[in-house]
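Colleague: First the structure, then my questions, so here it is.
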């Protein structure tokens, strides 16, 4: 049975499948007007979400599907990985639990950074990239994917107190500040998550504008790979065994 909190999340409100307040703050700053974001705590969700996928795409979809099946409301989830060249792409999909320790968010982040710096001790090739994949489940249960990435290097020591995760040791290409030294607005302009959510927000904003314009109606469905740009990693959307579809809005003829 849907909770009172979940019922309040209906309409043009989206559930963000996260319990991370820092991530929530970043995302809320990037969403278009008219679209509200509810966190898991806002809708009364206190359980665990499975995150056992082999790729970022798998994990993002797994989390989004779990919340959609629970509340049957539009929702989205993201998964982010730090991929270090000298470590053959590690920690990658295991970035959030790289050190394998329990504790608070800040304690786990510190342990993860320490393990990363230890692994790169004496290594000259410190190239890395952050990558984010967003999975969005719309009101009809259709799946949409968005991706963002940014290249940079891993510093030898942490610098800065803003952001979260590996931000203090990630220096994006072309900048002299780590993510943890950047104001949130600047980070959101260039970051992997910022790029992915910019694409997501544009899609949501476009749907919101059409949704409010009564001259438009839901008229037909097309495969999602004809609507969204193809992803450059993993299995192409166009060859999935179960094709994904989304409705497109077209002008009324009368």
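Colleague: Return yes or no: is residue 140 on the phi < 0 side of the Ramachandran plot, touching a strand residue (DSSP E or B) at 6+ places or on another chain (Cβ under 9 Å) and at pLDDT below 95?
Modeller: Spelling it out, residue 140 is indeed on the phi < 0 side of the Ramachandran plot, touching a strand residue (DSSP E or B) at 6+ places or on another chain (Cβ under 9 Å) and at pLDDT below 95.
Colleague: Among the helices (runs of 4 or more DSSP H) confined wholly to region 1-90, which include 2 or more residues that are at pLDDT below 90 and loosely packed, with under 15 Cβ neighbours inside 10 Å?
Modeller: Because the criterion is at least 2 residues that are at pLDDT below 90 and loosely packed, with under 15 Cβ neighbours inside 10 Å, the helices (runs of 4 or more DSSP H) in region 1-90 that meet it are 4-8, 21-28.
Colleague: Among the residues of region 153-164, write down those that are crowded, with 20+ Cβ neighbours inside 10 Å and modelled with pLDDT of 95 or more.
Modeller: Once the filter is applied, which keeps residues that are crowded, with 20+ Cβ neighbours inside 10 Å and modelled with pLDDT of 95 or more, region 153-164 yields only 154.
Colleague: Say whether the condition of being part of a strand (DSSP E or B), within 23 Å of residue 136 (Cα to Cα), modelled with pLDDT of 50 or more and in contact with a strand residue (DSSP E or B) (Cβ under 6 Å, 6 or more places away or on another chain) is met by at least one residue in region 165-180. Break it down into steps so the answer makes sense when it comes.
Modeller: Kept after step one, since they are part of a strand (DSSP E or B), are these residues of region 165-180: 170-172.
So of that shortlist, the ones also within 23 Å of residue 136 (Cα to Cα) come out as none.
No, region 165-180 has no match at all.
Colleague: Exposed (fewer than 13 other Cβ atoms within 10 Å of the Cβ) and at pLDDT 90 or above: does that describe residue 215?
Modeller: No.
Colleague: Here is a check on your reading of the model: is residue 146 in contact with a strand residue (DSSP E or B) (Cβ under 9 Å, 6 or more places away or on another chain) and over 20 Å from residue 196 (Cα atoms)?
Modeller: So residue 146 does not fit the description; no.
Colleague: Could you please give the count of residues in region 94-152 that are touching a helix residue (DSSP H, G or I) at 6+ places or on another chain (Cβ under 6 Å), touching a residue at least 40 places away in the same chain (Cβ under 8 Å), surrounded by 13 or more Cβ atoms within 10 Å (Cβ to Cβ) and assigned to a loop (DSSP other than H, G, I, E, B)?
Modeller: So the answer is 0.
Colleague: Is there a residue in region 181-203 that is more than 20 Å from the chain's Cα centre (by Cα), in a helix (DSSP H, G or I) and modelled with pLDDT of 95 or more?
Modeller: The answer is yes, given that some residue of region 181-203 is more than 20 Å from the chain's Cα centre (by Cα), in a helix (DSSP H, G or I) and modelled with pLDDT of 95 or more.
The values are calculated or read from the model by the stated rules, or taken from the named source; none is laboratory data. These figures come from a predicted structure and were not determined experimentally. Reconstructed Cβ throughout: ideal geometry from the backbone, glycine too, with neighbour counts over all protein chains shown.
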